[in-house]
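Let me begin by presenting the structure, written as structure tokens, before commenting on it.
Please treat every number below as a calculation from the coordinates, not as lab data. Note that the coordinates shown come from a computational prediction; the quantities given were computed from them, not determined experimentally. When we count neighbours, we look across all protein chains shown, and the Cβ atoms used for this are built from the backbone with ideal geometry, even at glycine.
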């Protein structure tokens, strides 16, 4: 009864998908072998097919009984025919496709008769369409300006053994990629990979398909070996086959022991500085004073927050750095000066008297105020003067 219910739900879902197709579901033919625990076995179809043989440098795969050409990026039947010295109209009729129609990279074009092959390619050859007429094919040992079918006899054709020759299937009306895969008991993904099918698995009447040659069964997750740089298969999570290991996990609300490091904020006293100035921004010190490297301290300041004078004095200068960011210098008693860099919206003018806490401007979007204390022109550690 459980399986009947599952098939009923699936039937409704598939009917909805079929109604959404442009043909009203006539071409909707998914591969549901093995779904729902029924008697349809998908193990044979899921066996990994052997990789399609590499084409030679002109894109030809030679089998004992026939040859096929593999389309490259931007290829058409006409460009393949020109490259191989064949008649474009004849090649198009043989494959039931217009000679000028663009082909998917990797698509298979069956040849009506044999042509001389070239050396097997060690990788993809990014050669675009070739114009019709006289063809120069450096991979076939041709002299310049000679047609593709002539002068190639100096290159020995490579023919694969009979055991590796796949069957050919000519598509008839009503067939889909899934129905062809079921007919030959192969994976529809292997069928698509061998024939360079589009993502929507579209077939055309008269199209010639190579049926993948059965390979060995796909290895399990633990036995999988991948080539360097190809990535590793995702490991099976332990919980899919066995319980998770027992772990003594501490509850999140367990009290944490107080760290032994001292709290520097609580230990700071008036002896740490003479308390002459107050912090110009409401934030923490994120970079300390280091003579010759950082002539002041950096204080975190929320963008738009107020930057105020650290003590009473007179605005001695308002200048800008190389990025045109304002810098304010305030002169105090005792030959002291404070410097404020990294602020916007300057609220004071040169020569203006300010008191402790007077607004100088606003913090910039960078969120950092640079603050210096100088005795004359010599920088000193600002923390010695902050209360």
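What the table below lists for this structure:
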item: Residues listed by number, the stretch 65-86, amide nitrogen under 19 Å from residue 104 label point at 7 Å toward C-beta; result: 68-78, 80
item: Three-way shape label, the stretch 50-97, alpha-carbon gyration tensor, a/c 1.5; result: prolate
item: Estimated inter-spin distance, residue 256 and residue 314, nm [label 7 Å along Cα→Cβ]; result: 5.2 nm
item: FRET efficiency for residue 50 and residue 73, using Cβ-Cβ distance with R0 set to 35 Å, rounded to 0.05; result: 0.90
item: Cα→Cβ-extended label distance, 7 Å offset, between residue 164 and residue 350, nm; result: 8.4 nm
item: Net lengthening on full extension, residue 284/residue 359 (0.36 nm per residue, minus Cα-Cα); result: 25.1 nm
item: Stretchable slack from residue 335 to residue 113, in nm (0.36 nm times residue separation minus alpha-carbon distance); result: 70.0 nm
item: Gyration tensor verdict on the stretch 272-384 (Cα atoms; rounded if a/c is under 1.5, prolate if a/b is larger than b/c, oblate otherwise); result: rounded
item: Cα gyration tensor shape of the stretch 291-347, rounded if a/c is under 1.5, else prolate or oblate by comparing a/b with b/c; result: rounded
